[in-house]
Amino acid sequence: TDPMRKAGRHFLQIPGPSAVPDRILRAISMQTIDHRGPDFADVGQKALKGMKTIFRTDQNVFIFPSSGTGAWEAALVNTMSPGDTVLMYETGHFATLWQKMAKKIGLNPVFIEGDWRGGADPQAIEDALRKDTDHEIKAVCVVHNETSTGSVSPIAEVRAAMDATGHPALLMVDSISGLASVPFEFDAWGVDVCVSGSQKGLMLPPGLSFNAVSDKALEVAKSAKMQRSYWDWLDMVGPNATGYFPYTPGTNLLYGLNEAVDMLHEEGLENVFERHRRHGAATRAAVRAWGLEVLCARQGQESGVLTAVMMPEGHSADAFRATTLAHYDISLGNGLSKVADKVFRIGHLGDFNDLMLMATLSGVEMGLAKAGVPHESGGVQAAMDHLKTHEAVKVAAE
Ligand code: PLP
C-alpha cells in the first residue's frame with residue numbers, strides 16, 4: 001500500500017454504498033438514546049412514517065438492523081411455507097443470489113433465464129403463470145434495479161401481466177438499489193413486498209434494511225409456515241404502532257434515516273429521480289463517445305443509479321479499476337459473477353451533482369488512457385454537452 005497521504009476527497013463511485021452527505025453524518029453522530037425510553041418514540045415513528053412516503057405506500061413498513069440480504073430473507077420467510085414455489089427472473093447477479101437464498105432456505109425457485117442485458121420480461125412471467133393452472137407459484141420475485149447490470153425492470157408491467165392471468169401469487173420486488181433513485185410506487189403498482197436497504201439512494205451507511213408490505217402479504221404471513229424469529233413481521237406490528245421495536249433498533253442510523261427522508265423531500269422525489277435519469281443519460285453519452293458499450297441493451301430500461309460498461313475484448317476491467325483507483329483515487333464498481341472482469345460499473349446515485357459526475361467521468365477517461373484500454377477520447381466532453389443541452393426540469397418539492 002502507498003503510505004503517502006492522498007490529498008482531496010476520495011470518489012466513492014460504486015453503485016452503493018454511496019457517499020454519505022455531511023448532514024446525515026452529523027445526524028448519526030448524535031448520542032445514542034434509550035430505545036425503550038420516552039424520547040425514542042418520535043424517532044421510531046418518524047422513521048416508519050417517513051419510509052412510507054419513500055415507498056409511496058399507506059400500508060406497512062418494517063425496518064431491520066441488517067443489510068439488504070436480511071430483508072430479502074424476511075420477505076421470503078414471512079410469506080412462504082417450506083417447499084413453496086417462487087417464480088424468479090434472472091436479471092443479473094442479485095436476482096441469482098436471491099434465487100440461491102430461496103433454495104437454501106427450502107423453497108422451490110423456478111428461475112426464468114435472462115441475458116443480464118435488460119430488466120425482467122413481463123411476457124415471460126405471464127406465460128409462466130398461465131401454465132401454472134394449479135397455482136403452485138406463491139410469489140413472483142423481481143429485482144427492480146439490477147445493480148450488477150444497470151437495468152431497470154418494468155414493475156408496473158409485471159403487475160399488469162400478473163393481473164391479466166388472474167393468478168393469486170404475491171409480487172415481491174427487490175428495490176435495494178432502486179428506491180429513492182428511480183421511480184418506485186408500492187401502492188400504485190400493486191407490489192406486495194418490497195425489499196430495500198439504507199446504503200444506496202437513501203444516502204446512509206449500510207446497516208438498515210426495509211420491507212414494505214401490503215395488507216394482503218401481512219395477512220398471508222399469519223398462515224405462512226417458514227421458520228422465522230428475528231425477521232417476524234408479526235412481532236414488529238405491536239411495538240411499531242407506538243414507534244418502538246421488538247429488539248434493539250439501529251438507533252443512530254435511524255437518526256440518519258430521518259435526516260435522509262427530509263433531504264429527499266426538500267429536493268422532491270421527482271427531482272431526485274430526474275437528476276439520476278439525466279446523469280445516467282450523460283454517462284451513456286460519454287460511454288458511446290469512448291466507443292465502448294453499455295451492458296444494458298434494452299432502450300428505456302437503462303438505470304439512473306449506475307451504468308455498467310463493457311470492456312473491449314481482451315482487456316481486464318479489474319486491472320482498469322485498480323489503475324484508476326491508484327492514480328485518481330476513485331472507486332468504480334466491479335463486474336460480478338458472470339460478468340466478472342468484463343464490465344466496470346459507474347455509480348451515479350445518492351447525493352450527487354453535475355460537477356461530481358464530470359469529475360467521475362474524467363477519472364474514468366483518464367483511467368482508460370492510463371490503463372492502455374483502447375478508446376476514443378471525448379467522452380467527458382460528450383457528457384458535458386449532454387448536461388448543457390438537457391437542463392434538469394424541476395418540479396415543486398413536496
Ligand atoms: N439486491 C440488490 C439489487 C443489491 O444491489 C444488493 C447489494 O448491493 C443486494 C440485493 C444485497 O444487499 P446487501 O449487500 O445490503 O445485503
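Rule-based calculations on the coordinates, nothing more; no lab input. All figures in this text were calculated on a predicted structure; none of them were measured in a lab. Glycine gets a Cβ as well: all are built from the backbone with ideal geometry, and neighbour counts include every protein chain shown.
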Measuring from centroid to centroid over Cα atoms, what is the spacing of region 303-358 and region 30-54 in Å? 36 Å
Which of the peptides 66-78, 111-123 is most tightly packed, and how do the rest follow, going by the mean number of other Cβ atoms within 10 Å of each residue? 66-78, 111-123
Given +1 on the Cβ of Lys and Arg, -1 on the Cβ of Asp and Glu, and no further charges, what dipole in debye does the chain carry about its Cα centre, rounded to the nearest 20? 720 debye
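Would you mind calculating the relative contact order of the chain from Cα pairs under 8 angstrom and at least 6 residues apart, reporting the percent as a whole number?
Values: 850 pairs, mean separation 91.3, N = 398.
Rounded, it is 23 percent for the chain.
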Report the label-to-label distance for R5 and L25 in nanometres (one decimal), using points 7 Å from each Cα along the Cα→Cβ vector. 1.6 nm
Quick check on region 37-178: of the DSSP beta bridges with both residues there, what percent are antiparallel, nearest 5%? 10 percent
Quick one: if the Förster radius is 30 Å, what FRET efficiency do V110 and R298 give, using the C-beta to C-beta distance and rounding to 0.05? 0.85
Once the dipole of the chain is set up from charges on Cβ (+1 Lys and Arg, -1 Asp and Glu), the residue from the list G8, W231, G207 lying farthest towards its positive end is G8
I'd like the orientation of helix 379-389 relative to the chain: the angle between its Cα long axis and the longest Cα principal axis, in ° from 0 to 90, rounded to 10. 70 degrees
Just the number, please: percent antiparallel of the DSSP beta bridges in the chain, rounded to the nearest 5. 50 percent
Can you give the extra length, in nm with one decimal, that the chain gains between A241 and M101 once fully stretched, where that is 0.36 nm per residue apart less the Cα-Cα distance? 47.3 nm
Specify the angular offset, from 0 to 90 degrees and rounded to the nearest 10, of the alpha carbon long axis of helix 122-131 from the longest principal axis of the alpha carbons in the chain. 30 degrees
GNM flexibility winner over the chain from P154, P239, P183 (Cα, springs under 10 Å): P239
Going 7 Å from the Cα of L355 in the Cα-to-Cβ direction, what parts of region 361-398 have a backbone nitrogen less than 18 Å from that spot? 361-363, 381, 384-385, 387-388, 392
For the chain, the longest principal axis of the Cα atoms and the Cα long axis of helix 40-55 enclose an angle in degrees, to the nearest 10, of 70 degrees
Given pairs K103/K138; K131/K216; K342/K370; K131/K225 and cut-off 21 Å on Cα-Cα distance, the over-length ones are K131/K216; K131/K225
Can you tell me how much longer the chain between D318 and E136 gets when fully stretched, taken as 0.36 nm per residue apart minus their C-alpha distance, in nm with one decimal? 61.3 nm
For the chain, built as a Gaussian network whose Cα springs stay under 10 Å, the top-fluctuating residue of H135, H167, H348: H135
Just to be sure I understand the curve: with the Debye formula and one point per C-alpha of the chain, what is log10 I(q)/I(0) at q = 0.12 Å⁻¹? -0.94
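Could you give the length gained by full extension between D42 and E376, i.e. 0.36 nm per residue of separation minus their alpha carbon distance, to one decimal place?
Here the segment from D42 to E376 would lengthen by 114.8 nm.
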Label points 7 Å out from Cα along the Cβ direction at A397 and Q123: separation in nm? 4.3 nm
